[in-house]
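Asks: Would you mind keeping the following structure in view while I ask a few things?
The values are calculated or read from the model by the stated rules, or taken from the named source; none is laboratory data. Nothing here was measured: the structure is a model prediction, and the numbers come from that model. Note: ideal-geometry Cβ built from the backbone for every residue, glycine included; neighbour counts use all protein chains shown.
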Amino acid sequence: MKRGVRVWMLGVVALAACASFTRAVRAESDAEMFARGVSALREGAYDKAITLFEGLADRGFAHPDAAYNRGLSYLARVRAHAEQPGDLGRAAAGFEETLAQRPRDRDAEHALEQVRAEVARRSAMRGGSTQMQARPPIAQALVGLAPESVWAAGAAVGSLVLTVGLLLRRKATPAHRLAGLIAVPLGAIALILFAALAGGARHLRHTTSQGVVSVPEARLLDERGLTRNAEPVPEAAKVDVIERRGALVLIRHGTAEGWTLASNVRLLPR
Amino acid sequence: MTPRRLPAHLLIAALGCVAALCVTLSAWAQNAPRMRASIQPTQAEVGEAFIVQMTALASQRDPPPSNPKVKLPAGVVLRAGPQIGPHVEASMPMGGQPTIRSGISVTWQLQAQRPGRFRIGPPSVEFRGRRYETNVVEIDIVPKGQKPQRGNSPFDPFNLLPQLPFPSMPGFDDDDWPFSPKEPPRDPALSLPAAPAASVFLRSIVDKTRAVVGEQVTLSIYQYTRSGAPDAVDVHEATTSDFFQRSMLTPGTDPEPRSAQVGEHTWRVELLRRIALFPLKTGRLEIGPMRVSFAGFGLTRGRGTTAVRESNPLEIDVEEPPLNGRPVGYRGDVGNFSLGAQVEPRTADAGGAVAVTVHLTGTGNLPQSLPVPARTGVEWLDPETREKIEVRNDRIVGTRTFTYVVRLQQPGEIDLGEIVLPFFDPENKSYSTARTLLGSVKVRPGSAAPASSSSAERDPFESVATVRTTLGPVPARGTPWTDHRWFWILIAAGPIGVLVAGGLSSATRGVVSRLRSRQDSPARLAALAMGSARKAAKEGNAAETAVGIERAVHAWIEGHTGLRSRGVLRSELAGRLRELDIDDETAERAATVLGECEGIRFDPETSRERLSTLTRTAEELGKKLGRARGTKGAK
């Protein structure tokens, strides 16, 4: 082999080794930070734990267990009577993030319920509303009745039934034609309905983000930033984030829609 | 020859005239005001101001001199004046009575426009209706920049003033001099190519135009004065709402003035403000102008008017410190800091407290608070803060001391942890961390109940699961079906495909059927038959010609009337055609043509001429039948 080629190959090997080493160092660093956060949380050093788990999130490390521990860190501060405004909302955001990445996480579901119950209880003590979950618009409610994959499967089945019905209608025997006569409308209705729901779910997924209110209450504003005459959104409530414009975000909580400060909402990663 | 002698009487007369002249002159001299003129400095640069001063004194019984004037040579112009003030002198001759004279002191401010030696004057005054002049004064004007810089006063070129008392002129204070004899040191950094305003203007300067949030930006505002000592009668400070600010000048002290070249002239420069600004946000932040209303010598034209001057506004581009290398827990502190702490006492009872004193020292905007290591069972109360801030090398430096009371609820060896303060050092453009370990405190079990007893209160989160110590598996999330184009294509492709296939099939069948029917149509059959008849007629084949013509005629009749004429007797054919609304001629001709065909069929000697005639007749018949439009439907 020529000398130049040998040198080139050595360089490539060295570069690959460096890259893998760097990747290994980076992964270890995230895990180390997670471990330090766990130690801090166990020791009761909730501020340090919050700093470490928030630092992990800032670095783009998205993991349901890190998000869960982040939620626990905020709860630890609340339980230590050193609560800062918005801690319950930030804890709820951590648990929501866990569920977004691991939908069947029972512990995160339970923790989220407890947080929202506590928010509702405090609101009730102040004479405010106890309703944490708001009714979404009808279209969104319909789309949200089942996962997107269910609607997609329904559309596929409807398409199949319609196709078979059309084929049967062309057969000579009356029985086949009758079967086709029934299958065609059924299949068409199923296809149109489920395809629309699947398309709607996809549209929502692409055009809206979700977030959790991380302040005691998020006041709804108009486009100019002036307060609207609307109920504020309570802490720890899950909202749809529709648009961002400068320091304001357009959110929807149930049927109520309005602008609020971006700092009032903790966005959930998609 | 002997010289002639002047007659004695002539001599006496001459002497008398001289004496009279002397007496007159003496009397005139005694009645004239006592005047003298001076100039300072005696050397100046082109464009630089210099002073010509004159005093004119008379006896106290006389009216004071007035209307002073000075003759100016070409190349010298008047800048200001004459400024006239009262002047009194007293003299005590040896053994005599004291003499007091009073009059005026006049000052002109001049400048030369070219180098050279100039004789200025003589200055003059009016006294008792007559004009009196005093001495001429001279000055050397050198080109700009060539005047030797002297630290000494122009009154005292040999630096004797510190030793000798300087006789001040009565009625004329040093402060009244419009131009201080001591020239401030020059600062080339303050030079400008041109003055934005006459006589006085303000100028704002910053030490940097790009900074990160929290980094010190030093703002200096200077007052440039050309001449005189204008008074600031109204001051509006520069707006710096996007900054936290701290003055860097010690109150009560005036910084030393300097001089600077502005265009062709030397101006006096005084520092009005020096402020440390710390940006509070990112973006292009504005420092507004400082506005001052001035009144004073050479600046205003009349009483009660002021000249308003504004400094230049400035913009600073501010951005966040870099993301790369940012430590965990960074709160936005910018500077260079160090921490030290003391904890006293190191033992306490449960429910008691210890004092933690933290010293934060450094350069920059010292943080107002510190991130304390809060943990369960350790309660940090709000601190008491003391600070000592000063300016060193144009930087804000200092120490801020935080004294915390820390309540300890749980007994045992409690590690207070450490205080960690990450910061961004703008000098080194890198992050660093100041930290101080607080150590442990031994907490004895106390008898008194803790101040905040959490056990008695309901813990709404006690059922929440504990911390997760490992990173578990994450369910794989594939791309939803609906994000794939093939999904939508497939669900539409089935029904659409069937519909399209069915449609294509029907269309194909229709086309085939139409093609077939076109092939079997009477018109086509007739055309084919006439074609073979014409060919046979050319060949002289009577039988074939007859067959072809017969086929064509029958096909025309069937195509236009529906009558299958092959089953109709030739003798009845014409009648049947008339019944079907075919005209007589055409009906007869049809029967005739068929008869002729029958005739020539078995006559092989039929001439070609006759065959072609018959063929033409048959073709005409075909056209007539086509135009005839007989009733269809007959069988």
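Asks: Condition (residue is within 14 Å of another protein chain (Cβ to nearest Cβ) and out of contact with any Ser or Thr (no Cβ under 7 Å at 6 or more places or on another chain)) applied to the range B:352-369: is it met by at least one residue?
Replies: Among the residues of the range B:352-369, at least one is within 14 Å of another protein chain (Cβ to nearest Cβ) and out of contact with any Ser or Thr (no Cβ under 7 Å at 6 or more places or on another chain), which makes the answer yes.
Asks: Oh, and also: Considering the range A:249-260 alone, what residues qualify as being at pLDDT 90 or above and not charged (D, E, K, R)?
Replies: Correct list: A:Val249, A:Leu250, A:Ile251, A:His253, A:Gly258, A:Trp259, A:Thr260.
Asks: For the range B:99-116, which residues satisfy the criterion of being within 28 Å of B:Gly228 (Cβ to Cβ) and not in a loop (DSSP other than H, G, I, E, B)?
Replies: Passing the criteria: B:Ser102, B:Gly103, B:Ile104, B:Ser105, B:Val106, B:Thr107, B:Trp108, B:Gln109, B:Leu110, B:Gln111, B:Ala112, B:Gly116.
Asks: Still on this structure, please answer the following. Determine whether B:Val391 is under 25 Å from B:Ser247 (Cβ atoms), in a strand (DSSP E or B), in contact (Cβ under 8 Å) with a residue 40 or more places away in the chain and more than 13 Å from chain A (Cβ to nearest Cβ).
Replies: yes
Asks: Now a separate question. Quick one: how many residues across the range B:8-52 are polar (S, T, N, Q) and modelled with pLDDT of 85 or more?
Replies: Qualifying residue count, the range B:8-52: 3.
Asks: While we're looking at this one, here's another question. Please go through the range A:109-133 and pick out each residue that is of a type in the set (A, V, I, L, M, F, W, C) and surrounded by fewer than 17 Cβ atoms within 10 Å (Cβ to Cβ).
Replies: Selection gives A:Ala117, A:Ala124, A:Met125.
Asks: Then there's this: Scanning the range B:579-588 for residues that are in a helix (DSSP H, G or I) and within 17 Å of B:Glu558 (Cβ to Cβ), which turns out nearest to the chain's Cα centre (by Cα)?
Replies: B:Thr586
Asks: Looking only at residues that are in a loop (DSSP other than H, G, I, E, B) and over 31 Å from the mean Cα position of the chain (by Cα) in the range B:178-198, which one is modelled with the highest pLDDT?
Replies: B:Pro185
Asks: Kindly check whether there is at least one residue in the range B:449-468 that is farther than 30 Å from A:Glu109 by Cβ, modelled with pLDDT under 95 and more than 14 Å from chain A (Cβ to nearest Cβ).
Replies: yes
Asks: Also: Test A:Leu168 against the stated conditions and say whether it is among the hydrophobic types (A, V, I, L, M, F, W, C) and either more than 12 Å from chain B (Cβ to nearest Cβ) or under 30 Å from A:Ala92 (Cα atoms) (or both).
Replies: no
Asks: Working carefully through the options B:Val498, B:Val474, find the one that is within 12 Å of chain A (Cβ to nearest Cβ) and either surrounded by 14 or more Cβ atoms within 10 Å (Cβ to Cβ) or at pLDDT 90 or above (or both).
Replies: None of the other options fit; the residue is B:Val498.
Asks: Tell me which residues, restricted to the range B:59-77, are farther than 12 Å from B:Glu126 by Cα and either in a strand (DSSP E or B) or free of Cβ contacts under 8 Å to residues at least 24 places away in the same chain (or both).
Replies: B:Ser59, B:Arg61, B:Ala74, B:Val76, B:Val77
Asks: Right, another one. Suppose we filter B:Arg524, B:Arg516, B:Arg509 for residues that are in a helix (DSSP H, G or I), of a type in the set (D, E, K, R) and within 14 Å of chain A (Cβ to nearest Cβ); which single one remains?
Replies: Selected residue: B:Arg509, the only one of B:Arg524, B:Arg516, B:Arg509 that is in a helix (DSSP H, G or I), of a type in the set (D, E, K, R) and within 14 Å of chain A (Cβ to nearest Cβ).
Asks: Need at least 3 residues that are more than 10 Å from chain B (Cβ to nearest Cβ) and free of Cβ contacts under 8 Å to residues at least 24 places away in the same chain per element, so show me which helices (runs of 4 or more DSSP H) inside the range A:40-127 make the cut, counting only ones lying wholly within it.
Replies: Of the helices (runs of 4 or more DSSP H) lying wholly inside the range A:40-127, those with at least 3 residues that are more than 10 Å from chain B (Cβ to nearest Cβ) and free of Cβ contacts under 8 Å to residues at least 24 places away in the same chain span A:106-125.
Asks: Now, a different point. Quick check on A:Leu191: is it within 11 Å of another protein chain (Cβ to nearest Cβ) and in contact with a Gly (Cβ under 9 Å, 6 or more places away or on another chain)?
Replies: yes
Asks: Every residue in the range B:478-495 that is surrounded by 10 or more Cβ atoms within 10 Å (Cβ to Cβ) and among the charged types (D, E, K, R), please.
Replies: B:Asp483
Asks: Only one of (1) touching a Lys or Arg at 6+ places or on another chain (Cβ under 9 Å); (2) more than 30 Å from A:Val143 (Cα to Cα) fails for A:Ala175. Which number is that?
Replies: (1)
Asks: Right, another one. Just checking, how many residues over the range B:315-334 are surrounded by 19 or more Cβ atoms within 10 Å (Cβ to Cβ) and within 26 Å of the chain's Cα centre (by Cα)?
Replies: Residues flagged as surrounded by 19 or more Cβ atoms within 10 Å (Cβ to Cβ) and within 26 Å of the chain's Cα centre (by Cα) within the range B:315-334 amount to 5.
Per-residue answers, yes or no, for (1) part of a loop (DSSP other than H, G, I, E, B); (2) within 14 Å of chain B (Cβ to nearest Cβ); (3) farther than 26 Å from A:Val115 by Cβ:
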position	(1), (2), (3)
A:Ala139	no, no, yes
A:Val150	no, yes, yes
A:Ala153	no, yes, yes
A:Gly158	no, yes, yes
A:Ala175	no, no, yes
A:Ile182	no, no, yes
A:Gly187	no, yes, yes
A:Ala198	no, yes, yes
A:Val215	yes, no, no
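Asks: Same structure again: Taking the condition of being at pLDDT below 95, crowded, with 16+ Cβ neighbours inside 10 Å and of a type in the set (Val, Ile, Thr), how many residues in the range B:355-395 meet it?
Replies: 4
Asks: Still on this structure, please answer the following. Restricting to the range B:371-406, name every residue that is over 17 Å from B:Gly439 (Cβ atoms) and among the basic types (Lys, Arg).
Replies: Across the range B:371-406, the qualifying residues are B:Arg386, B:Lys388, B:Arg392, B:Arg395, B:Arg400.
Asks: Answer yes or no: is there a residue in the range B:236-247 that is in contact with a strand residue (DSSP E or B) (Cβ under 9 Å, 6 or more places away or on another chain), surrounded by 17 or more Cβ atoms within 10 Å (Cβ to Cβ), on the phi < 0 side of the Ramachandran plot and basic (Lys, Arg).
Replies: No - not one qualifying residue is present in the range B:236-247.
Asks: If I ask for residues that are on the phi < 0 side of the Ramachandran plot, of a type outside the set (A, V, I, L, M, F, W, C), touching a residue at least 24 places away in the same chain (Cβ under 8 Å) and not in a strand (DSSP E or B), which ones from the range A:217-244 would you list?
Replies: The answer is A:Arg219, A:Asp222, A:Glu223, A:Arg228, A:Glu231, A:Glu235.
Asks: Might you let me know whether the range B:462-479 holds any residue that is in contact (Cβ under 8 Å) with a residue 60 or more places away in the chain and assigned to a loop (DSSP other than H, G, I, E, B)?
Replies: Among the residues of the range B:462-479, not one is in contact (Cβ under 8 Å) with a residue 60 or more places away in the chain and assigned to a loop (DSSP other than H, G, I, E, B), which makes the answer no.
Asks: Report yes if some residue within the range B:624-635 is at pLDDT 90 or above and buried (at least 21 other Cβ atoms within 10 Å of the Cβ); otherwise report no.
Replies: no
Asks: If you don't mind, another one. Residue check, A:Arg126 against (1) under 30 Å from A:Asp87 (Cβ atoms); (2) modelled with pLDDT under 90; (3) under 26 Å from the mean Cα position of the chain (by Cα); (4) among the charged types (D, E, K, R), all met but one. Which one?
Replies: (3)
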